[in-house]
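As structure tokens, the structure follows; a few thoughts come after it.
The values are calculated or read from the model by the stated rules, or taken from the named source; none is laboratory data. Computed from a predicted structure; not experimentally measured. Cβ placement follows ideal geometry from the backbone for every residue including glycine, while neighbour counts extend to all protein chains displayed. The protein model used for the area step is the full one, side chains on, heavy atoms only, and it has no ligands, DNA or RNA in it. Shrake-Rupley method; radii C 1.70, N 1.55, O 1.52, S 1.80 Å.
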Amino acid sequence: MIEQTNNPVGKSVPRVDAFDKVTGAAKYVDDMQFGPGLYYGKFVHSPYAHALIKGVDVSKALALPGVKAVVTGADTPGRIGLYMKDRYIYARDRVRYVGEPVAGVVAITEELAEEAVKLVVVEYEELEPVFDPYEAVQPGAPLIHPDMAEYKWPNFIFPEPGTNISEHFKLRKGDVEAAWPKCAVIVEQTFRLPHIQHVPLETHVAIARWDQTGEVTLWSPSQSPFSQRDLLAQSLDISHGDMRVISPYVGGGFGGKAGISIEANVVVMARAVKGHPVKVRMTREEEFTCTNVRQSLNAHTKIGCDAEGHVLAMETRYYFGGGAANDYGVNIARASGYSCTGPYPIPNVKGDSYCVYTNTPIGSAMRGFGMPEIHWGIEQIMDRLAEEIGMDPAEFRRINCVKTGDTILTGMKMPAVDLVACIDKATEAIGWDKEKKASAPHKRRGQGLAIMWKAPAMPPNPGSSAIVRFNEDATLNVYVGAQELGQGAFTVAAQMAAQALGIPYEWVRVSANPVDTKYSPYEWQTVASRITWSMGNAVKAAALNARRQILEIVAQYWDEDLENLDIKNGIVISYKSEREQPLKNMVVYGLPNDNFEGWQGGPIVGAGKFMPTYVTNLDSETGQGARAVVHYTVGAQAVDLEVDIETGQVDILKIASAYDVGKAINPDLVLTQIEGGAVHGMSSAFEGMFFDEQGRLRNPSLVDYKIATAMDAPREIHGDIVETPLEDGPWGARGVGEHVMVQTAPAIANALHDALGVRFNDLPLSSEKIYLALREREAGGE
Amino acid sequence: MLHEITFTVNGDPYTLAVRSEHTLLKVLREKLGLTGTKIGCENGECGACTVLLDGEPVNSCLILAVEAAGHKIETVEGMSIGGELHPLQKAFIKHNAVQCGFCTPGMLLSAQSLLARNPKPTELEVREALAGNLCRCTGYVRIVDAVLDVSQEVE
Ligand code: FES
Ligand code: FES
């Protein structure tokens with residue numbers, strides 16, 4: 001007999017998607033079969049970082065037998081973009097980064113499409129590029145979007161047309177000038193982070209078909225099928241009802257498959273060859289140069305504390321290198337503005353966060369959404385302050401970190417969290433107070449700690465919906481529009497539906513693969529670590545809705561009060577009469593009246609929705625407002641490492657993390673997020689995209705852009721879960737998918753300082769950089 | 001140019017006409033519909049396309065289909081023939097060693113080949129054997145645990 005798990009919330013039940021994935025049966029977009037009618041598309045990429053397009057001649061390419069169409073900017077007059085509508089699907093008058101699609105070729109084979117790409121002649125007039133966001137905001141910097149004033153953006157974004165600034169978020173709280181003299185110690189530093197890439201194992205791929213009937217279908221591995229539908233419908237003037245996005249399993253997202261990147265380009269190709277599906281798959285090189293990246297950051301940050309270690313003031317300017325289009329990036333800068341202090345309720349704050357156009361690939365969401373970038377500097381300064389006043393850095397953080405009910409920088413009251421418990425658990429797991437010996441005379445051992453916070457960064461009203469539907473044998477299909485990226489969304493959906501209905505976990509089937517905007521209930525996007533919370537609330541509502549329908553039928557059937565009835569282990573029970581009614585059959589066929597004189601009930605279908613309704617706008621001059629965000633998730637990470645001082649080689653021995661997830665719906669899945677995130681965070685500290693003076697990427701391969709392998713990952717990754725329930729979370733749950741990598745890099749930097757006495761303000765770290773810093777210090781005679 | 005090749009895939013003999021420039025990866029996926037073998041780079045850098053050639057793990061993106069003539073190929077689809085999961089597949093499920101799943105087929109085959117030649121590997125040996133299979137999701141911990149779990153069972 002199959003085991004039955006009743007009350008599955010809080011239990012580490014197996015993943016619903018694992019079987020498909022270990023057998024190779026799981027289908028990803030590239031695995032879908034379209035038969036011989038399938039055409040292939042390839043892009044013509046810009047070779048220049050910044051240039052005017054003087055002419056595009058596609059005639060030679062079109063003349064090649066087997067080439068079906070060539071599309072260019074002339075075919076795509078409308079601008080597209082998630083928050084800031086600031087780009088053309090194919091470049092029109094100018095190109096803004098090396099790799100930008102200028103034209104798209106459609107042919108009967110991939111090889112022919114590649115050949116035809118070489119026959120497209122584009123005439124350019126080169127312009128001066130700018131790559132560094134700080135340089136791009138200086139007077140006289142080349143203007144990347146001269147037409148910015150014409151663009152459309154939502155009312156919570158504040159671009160400055162006539163400059164390269166696409167967003168300027170201002171935070172003003174208290175009086176920093178008056179606070180500096182009260183500080184015993186002030187640390188002011190500049191930190192730089194390079195562009196990095198998500199590097200999902202599955203590169204971007206999209207298949208589109210534009211039917212003669214007008215229905216348009218896009219198959220894409222997407223974190224945002226519904227947002228993609230919305231953007232495509234708006235930009236290409238298609239009814240939402242005719243635009244269909246189908247998204248099967250996603251082979252790694254990390255934010256890179258949120259919003260839109262190549263998908264619109266493929267839809268435009270399909271429009272040119274109606275009736276034929278067209279497929280474009282990014283090569284690994286194109287994945288690096290022509291899809292989304294994490295923005296670079298220049299941060300100038302000054303923080304001061306008094307002699308007892310109380311942080312009194314902070315002044316910071318964040319310049320995000322948002323790339324050639326900032327459609328998503330503007331909101332990363334905004335989020336980094338309203339969270340600019342990190343997890344500290346500092347009384348006096350002056351923060352300016354800018355998203356800046358640069359001639360680099362398009363910056364977009366990446367796991368952490370601005371938080372890994374800003375915590376890199378904040379968490380190192382906090383360590384320096386603690387050191388200067390002679391306080392243990394863990395104690396310094398316990399004193400200063402945000403606590404329940406604190407008034408945070410935007411004026412909002414901090415919802416319940418327990419960051420101190422996270423610090424306690426992470427430091428205990430790493431053995432914070434214990435002296436650790438290096439394994440060899442030429443090695444140095446060090447420990448570092450960093451803490452974090454992050455709120456889901458979204459528009460104020462992103463919605464979720466869900467449907468549950470019973471089958472004859474009381475198995476239940478759960479429909480959600482949330483995406484399974486590997487984080488376990490489908491599994492927790494099944495757990496929550498079972499729990500709310502009172503049926504075993506094993507009775508639930510998740511009908512969400514693929515997510516299909518034609519059949520799936522609406523979900524804004526699978527981003528921002530919002531799914532367990534937001535989708536979870538919708539699933540719970542749908543299940544409770546179905547539960548009520550069932551109880552009403554049975555209450556009438558038994559002539560009892562609804563209040564006395566419950567569903568337990570798949571059986572309706574009465575606490576009063578102690579009668580029992582199995583769900584089997586009745587959830588579809590209903591129940592007969594006495595002597596079968598008529599029937600009651602009918603097929604049970606429950607629907608539910610959730611949307612936060614309480615988020616307020618923030619004042620454009622001060623960033624103050626009643627409720628900036630829905631909530632924050634907080635956590636602490638501690639790192640134990642060893643450095644070879646003869647080579648600069650770092651060996652991360654252990655990472656210990658603790659996060660306050662509100663309620664772990666599936667504790668083991670939370671731990672797998674914590675583990676994977678720790679290694680992702682560690683890897684990110686050693687990653688960087690390197691551009692030459694012409695803006696060409698020097699390392700667009702997995703050999704030159706290295707991500708952590710099984711040999712690099714620490715042997716020991718420890719995770720702890722803290723559970724301070726979230727008021728409006730399902731069973732108290734809040735998200736944790738991104739948080740797990742936010743502060744790994746600064747925790748490593750703090751551990752390096754502990755080991756070597758050397759600080760690194762700029763990422764990426766490398767053995768070479770560490771080795772040179774040690775040599776430099778020797779030369780300096782320290 | 002087209003070549004006729006005969007090879008064994010997951011125990012079954014196939015004779016196919018393949019183009020000289022097509023890789024084993026492309027032929028497995030497009031001619032035989034064995035899409036469990038994934039494309040991550042087509043450059044020998046990620047391991048997503050790992051299959052076994054006469055029991056040895058190879059990057060099928062670097063091998064021409066014609067080179068596979070006369071050899072025995074195993075893909076992830078061959079691990080659970082008859083519906084019974086391979087012990088490694090069970091262990092991957094049990095240890096939650098799967099997230100997005102894109103690296104999983106390649107990981108499983110690299111691990112299977114390791115255990116075939118070294119039934120009781122150390123943790124370091126497991127990590128070394130999997131070093132060519134990139135995973136961006138799991139941090140490798142559970143994957144290593146799963147392989148070690150099976151290696152202990154092999155006793
Ligand atoms: S696809 Fe073959 S190694 Fe990456
Ligand atoms: S599970 Fe996603 S790459 Fe390994």
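Would it be correct to say that residue A:350 is in contact (Cβ under 8 Å) with a residue 40 or more places away in the chain, within 14 Å of chain B (Cβ to nearest Cβ), away from ligand 2 (no atom under 16 Å from the Cβ) and part of a strand (DSSP E or B)?
No: the conditions fail for residue A:350.
Do any residues in the stretch B:122-139 that are in the same structural domain as residue B:102 (by TED's automatic domain parsing) and open to solvent by less than 10 Å² (accessible area, probe 1.4 Å) have Cβ atoms under 9 Å from those of residues that are modelled with pLDDT under 95 and away from ligand 1 (no atom under 13 Å from the Cβ), where the two are at least six apart or on different chains, and which pairs are they?
Within 9 Å, the pairs are B:126/B:151; B:127/A:715.
Looking at the stretch A:199-216, which of its residues are within 16 Å of ligand 2 (Cβ to nearest atom) and out of contact with any Asp or Glu (no Cβ under 9 Å at 6 or more places or on another chain)?
A:201, the sole residue that qualifies.
Count, please, the residues in the stretch B:64-108 that happen to be hydroxyl-bearing (Ser, Thr, Tyr) and away from ligand 1 (no atom under 16 Å from the Cβ).
Residues flagged as hydroxyl-bearing (Ser, Thr, Tyr) and away from ligand 1 (no atom under 16 Å from the Cβ) within the stretch B:64-108 amount to 1.
Among B:139, B:83, B:132, B:78, which is more than 15 Å from the chain's Cα centre (by Cα) and farther than 19 Å from residue A:486 by Cβ?
It is B:83.
Six or more apart or on different chains, Cβ atoms under 8 Å: show the pairs whose first residue is in the stretch A:30-53 and within 14 Å of chain B (Cβ to nearest Cβ) and of a type outside the set (Asp, Glu) and whose second is part of a loop (DSSP other than H, G, I, E, B) and surrounded by fewer than 19 Cβ atoms within 10 Å (Cβ to Cβ).
A:33/B:33; A:40/A:108; A:40/A:109
Of the numbered conditions (1) assigned to a helix (DSSP H, G or I); (2) open to solvent by 20 Å² or more (accessible area, probe 1.4 Å), residue B:119 fails exactly one; give the number of that condition.
(1) is the only condition that residue B:119 fails.
Out of (1) crowded, with 22+ Cβ neighbours inside 10 Å; (2) touching an Asp or Glu at 6+ places or on another chain (Cβ under 8 Å); (3) in a strand (DSSP E or B), the odd one out for residue A:317 is which?
(1)
Just to be sure I understand, how many residues within the stretch B:27-51 are surrounded by fewer than 21 Cβ atoms within 10 Å (Cβ to Cβ) and either assigned by TED's automatic domain parsing to the domain that holds residue B:116 or away from ligand 1 (no atom under 14 Å from the Cβ) (or both)?
Final tally of qualifying residues: 4.
Restricting attention to the stretch A:721-738, and to residues there that are hydrophobic (A, V, I, L, M, F, W, C) and open to solvent by 20 Å² or more (accessible area, probe 1.4 Å), which single residue is nearest to the other protein chains (Cβ to nearest Cβ)?
A:721
What is the one condition in (1) assigned to a loop (DSSP other than H, G, I, E, B); (2) away from chain A (no Cβ under 11 Å); (3) not β-branched (Val, Ile, Thr) that residue B:33 does not satisfy?
Every condition holds for residue B:33 apart from (2).
Within the stretch B:91-114, take every residue that is part of a helix (DSSP H, G or I) and either among the small types (Gly, Ala, Ser) or touching a strand residue (DSSP E or B) at 6+ places or on another chain (Cβ under 6 Å) (or both) and give me the one that is nearest to ligand 2 (Cβ to nearest atom).
Going through the qualifying residues, I end up with B:106.
For the list (1) closer than 13 Å to residue A:678 by Cα; (2) open to solvent by less than 20 Å² (accessible area, probe 1.4 Å); (3) in contact with a strand residue (DSSP E or B) (Cβ under 8 Å, 6 or more places away or on another chain), I need the number of the one condition that residue A:718 fails.
Evaluating residue A:718 over (1) closer than 13 Å to residue A:678 by Cα; (2) open to solvent by less than 20 Å² (accessible area, probe 1.4 Å); (3) in contact with a strand residue (DSSP E or B) (Cβ under 8 Å, 6 or more places away or on another chain) leaves (2) as the failure.
Quick test for you: out of A:276, A:300, A:310, pick the one residue that is away from ligand 2 (no atom under 16 Å from the Cβ), surrounded by fewer than 24 Cβ atoms within 10 Å (Cβ to Cβ), more than 14 Å from chain B (Cβ to nearest Cβ) and over 30 Å from residue A:350 (Cβ atoms).
After applying the criteria, what remains is A:276.
For the stretch A:220-258, give me each residue that is buried (at least 24 other Cβ atoms within 10 Å of the Cβ), within 14 Å of chain B (Cβ to nearest Cβ) and more than 18 Å from residue A:199 (Cβ to Cβ).
Matches in the stretch A:220-258: A:247 only.
Give, as residue ranges, the helices (runs of 4 or more DSSP H) completely inside the stretch A:52-148 that count at least 3 residues that are modelled with pLDDT of 95 or more and under 30 Å from residue A:275 (Cβ atoms).
A:59-63, A:110-117
Under the condition of being assigned to a loop (DSSP other than H, G, I, E, B) and of a type in the set (S, T, N, Q), which residue from the stretch B:70-90 is farthest from the other protein chains (Cβ to nearest Cβ)?
Step by step, filter the stretch B:70-90, then rank; the result is B:75.
How many residues does the stretch A:392-416 hold that are out of contact with any helix residue (DSSP H, G or I) (no Cβ under 8 Å at 6 or more places or on another chain) and hydrophobic (A, V, I, L, M, F, W, C)?
Of the residues in the stretch A:392-416, 5 are out of contact with any helix residue (DSSP H, G or I) (no Cβ under 8 Å at 6 or more places or on another chain) and hydrophobic (A, V, I, L, M, F, W, C).
Give A:640, A:651, A:712, A:704 a once-over and let me know the one that is within 14 Å of chain B (Cβ to nearest Cβ), over 28 Å from residue A:10 (Cα atoms) and part of a strand (DSSP E or B).
A:651 is the lone residue from the list that is within 14 Å of chain B (Cβ to nearest Cβ), over 28 Å from residue A:10 (Cα atoms) and part of a strand (DSSP E or B).
If I ask for residues that are open to solvent by less than 60 Å² (accessible area, probe 1.4 Å) and touching a strand residue (DSSP E or B) at 6+ places or on another chain (Cβ under 6 Å), which ones from the stretch A:132-166 would you list?
Answer for the stretch A:132-166, where residues must be open to solvent by less than 60 Å² (accessible area, probe 1.4 Å) and touching a strand residue (DSSP E or B) at 6+ places or on another chain (Cβ under 6 Å): A:133, A:136, A:137, A:144, A:145, A:151, A:157, A:159, A:164, A:165, A:166.
Determine which member of the set B:30, B:42, B:84, B:21 is among the acidic types (Asp, Glu), away from ligand 2 (no atom under 14 Å from the Cβ) and in contact (Cβ under 8 Å) with a residue 24 or more places away in the chain.
On inspection, the qualifying residue turns out to be B:21.
Against the condition in contact with a helix residue (DSSP H, G or I) (Cβ under 9 Å, 6 or more places away or on another chain), open to solvent by 40 Å² or more (accessible area, probe 1.4 Å) and at pLDDT 95 or above, how does residue A:611 come out, does it pass?
Against the criterion (in contact with a helix residue (DSSP H, G or I) (Cβ under 9 Å, 6 or more places away or on another chain), open to solvent by 40 Å² or more (accessible area, probe 1.4 Å) and at pLDDT 95 or above), residue A:611 qualifies.
Can you name every residue in the stretch A:25-43 that is part of a loop (DSSP other than H, G, I, E, B) and open to solvent by 10 Å² or more (accessible area, probe 1.4 Å)?
Once the filter is applied, which keeps residues that are part of a loop (DSSP other than H, G, I, E, B) and open to solvent by 10 Å² or more (accessible area, probe 1.4 Å), the stretch A:25-43 yields A:25, A:27, A:32, A:33, A:34, A:35, A:36, A:37, A:38.
Cβ contacts < 8 Å: first residue modelled with pLDDT of 95 or more, restricted to the stretch A:724-743; second residue open to solvent by 10 Å² or more (accessible area, probe 1.4 Å) and among the acidic types (Asp, Glu), any location; separation 6+ or different chain. Result?
From residues that are modelled with pLDDT of 95 or more, the pairs are A:724/A:418; A:732/A:723.
Kindly indicate which of B:132, B:139 is over 18 Å from residue A:19 (Cβ atoms) and more than 16 Å from ligand 1 (Cβ to nearest atom).
Among B:132, B:139, only B:139 is over 18 Å from residue A:19 (Cβ atoms) and more than 16 Å from ligand 1 (Cβ to nearest atom).
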